[in-house]
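Notes follow the structure.
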Amino acid sequence: MKTTFLFILLCMTGLSVHGQQSQLTEKQKKEITSLIDNYSLARENRDTVLLKSILTTDIDQLVSTGEWRSGISSSVKGMLGSSAASPGTRTLTVEKIRMLAPNSALVDCKYEIRNDDGSSRRMWSTFIVLYNKGSWKIAAIRNMLPSKA
């Protein structure tokens, strides 16, 4: 009897539990797009103050070379080193924002580095962003260099 009751209770609970669909508002879209723009600006200007203000302290980053950067110090150092080693104009264009919950989103961007010689490197970047204490911050970055088939 107890087993049957427990089974029915679990079935009823399972029917009422489902993932919540969070809808992206215009305000969130503007704030998240602005966050990505600020990231791009901070990289371009090698602005450590701006970078540190828009990254979470436990940020992690996987770059297209396969290097993992963990934590804000390692990430900022790597970002600045990368910008210095491969100068050029970096452009991040937000293509898609998917809300995972009211305070987190997945942001897919086209990422292009235009070199001084006119060549360009076209990649993708995915950002995980979190809303905490009144602002959006970047918690993770994944850069991908598409292979040519």
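The values are calculated or read from the model by the stated rules, or taken from the named source; none is laboratory data. The structure presented is a predicted model; accordingly, all values stated were derived computationally and were not measured. All Cβ positions, even for glycine, are placed from backbone atoms using ideal geometry, and neighbour counts span all protein chains on display. With ligands, DNA and RNA removed, areas are computed over all heavy atoms of the protein, side chains included. Shrake-Rupley method; radii C 1.70, N 1.55, O 1.52, S 1.80 Å.
For Thr33, are the conditions met, namely being part of a strand (DSSP E or B), touching a strand residue (DSSP E or B) at 6+ places or on another chain (Cβ under 8 Å) and within 24 Å of Pro146 (Cα to Cα)?
No; evaluated as a whole, the condition is false for this residue.
For the range 99-149, which positions are without any contact (Cβ under 8 Å) to a residue 60 or more places away in the chain, of a type in the set (Lys, Arg) and more than 20 Å from Ser86 (Cβ to Cβ)?
Correct list: Lys133 only.
Looking only at residues that are open to solvent by 60 Å² or more (accessible area, probe 1.4 Å) and in contact (Cβ under 8 Å) with a residue 24 or more places away in the chain in the range 51-83, which one is nearest to Ile32 (Cα to Cα)?
Checked the range 51-83; the qualifying residue nearest to Ile32 (Cα to Cα) is Lys52.
Only one of (1) touching a helix residue (DSSP H, G or I) at 6+ places or on another chain (Cβ under 7 Å); (2) in a helix (DSSP H, G or I) is not met by Arg69, so which one is it?
(2)
So Glu67 fits all but one of (1) touching an Asp or Glu at 6+ places or on another chain (Cβ under 7 Å); (2) at pLDDT below 90; (3) not small (Gly, Ala, Ser); what number is the exception?
(1)
Return the total of residues in the range 7-49 being at pLDDT 95 or above, open to solvent by 100 Å² or more (accessible area, probe 1.4 Å) and within 23 Å of Ser73 (Cα to Cα).
Number satisfying all stated conditions: 1.
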